[in-house]
Amino acid sequence: MSPSSCCPPVSTWRPLVELALAEDVGSGDVTSALTIPAVARGRARIEAREPVVVCGLDIAEEVFRQVDPGLTLERQVREGEQVAEGTALLHVEGSVRSILTAERTALNFMTRMCGVAMHARRFVEAVSGTGTAIVDTRKTLPGWRVLDKYAAATGGAVNHRVGLFDGILLKDNHIAAAGGVTPAVKSAVAGAPAGLRVQVEVQSAAEAAEAVAAGADFLLLDNCPPAVCREIAANAAPGVLLESSGGIALHNVREHAEAGVHRISIGAITHSAPSADLALEMIASEA
């Protein structure tokens, strides 16, 4: 797990849990009320049905607590740990009705978060040894950014800017609207708040050279083939940070890393991560 990937403050994601329970439980779990005695107690576990990077235990626990503060929760693994198929992640004990009412919502959070973390881990492992960092993007599920980025970091990725407010990135539309690379870069560099670097999207070696000449020291090489990335890296001045993005997948990410870029941003980490296969199973009582 990334050292910086501490679970975000509960205040930033508790409303998501409340919303998720409201849409799923509504006025009550009719099925459980009709079939499970109110006094029935039992134990259950959330388990991995495939190898996963564990992510979202805090959120799942909050789901169970909101449904029933009386439930007992016991983690079986550490957040950020990569575990094998069949591993128990969390034990829950108490009212069977409450456990079953919380089941789907808790799993919905954890299957997505474990899926994003595992997808990020695959990219990180693919570039292992190159010194290139894997970076996430703003291509997150609306309303879920804090959790998507936490999951990406748990998988080993580096978080890019959280939103439009904490990072400057001149994309093609900004450049076109500003009248070109040079005026866009000069304007942004001149007015950038302290502590915010100006990153500029370029699509060729010529655009990269123009951006650097205008004062940029942080380039996003957008949809540039590895050969072009290599050319830009070979001619870049010391201190210019290079990030590749666009058209990069697991099968070619290492080739891009070996082209000499410092970072590779992967939107697919969050917009195309498969959900992890997790399940909640009741644990049979011993006779």
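The values are calculated or read from the model by the stated rules, or taken from the named source; none is laboratory data. Nothing here was measured: the structure is a model prediction, and the numbers come from that model. Positions of Cβ are generated from backbone atoms using ideal geometry, with glycine treated the same way; all protein chains shown enter the neighbour counts.
The residues listed here are A38, A20; of these, the one that is surrounded by fewer than 17 Cβ atoms within 10 Å (Cβ to Cβ), in contact (Cβ under 8 Å) with a residue 12 or more places away in the chain and of a type in the set (A, V, I, L, M) is A38. The residues of region 123-162 that are over 16 Å from T12 (Cα atoms), of a type in the set (A, V, I, L, M) and part of a helix (DSSP H, G or I), listed by number, are V124, A126, A152, A153. Considered as a group, the residues in region 165-186 that are of a type in the set (G, A, S) and surrounded by fewer than 17 Cβ atoms within 10 Å (Cβ to Cβ) include one that is nearest to the chain's Cα centre (by Cα), and that residue is G167. All but one of (1) in contact with a Cys (Cβ under 9 Å, 6 or more places away or on another chain); (2) surrounded by fewer than 18 Cβ atoms within 10 Å (Cβ to Cβ); (3) β-branched (V, I, T) hold for V162, so report the exception by its number. Every condition holds for V162 apart from (1).
The single residue among E18, E50, E79 that is at pLDDT 95 or above and not in a loop (DSSP other than H, G, I, E, B) turns out to be E18. Based on this model, can you work out whether T130 counts as in contact with a helix residue (DSSP H, G or I) (Cβ under 8 Å, 6 or more places away or on another chain), touching a residue at least 12 places away in the same chain (Cβ under 8 Å), closer than 30 Å to E207 by Cα and not small (G, A, S)? So T130 fits the description; yes. The set of residues in region 53-76 that are in contact with a strand residue (DSSP E or B) (Cβ under 8 Å, 6 or more places away or on another chain) and part of a helix (DSSP H, G or I) comprises L57, A60, E61, F64, R65.
Per the listing A209, A194, the residue uniquely small (G, A, S) and farther than 25 Å from V162 by Cβ is A209.
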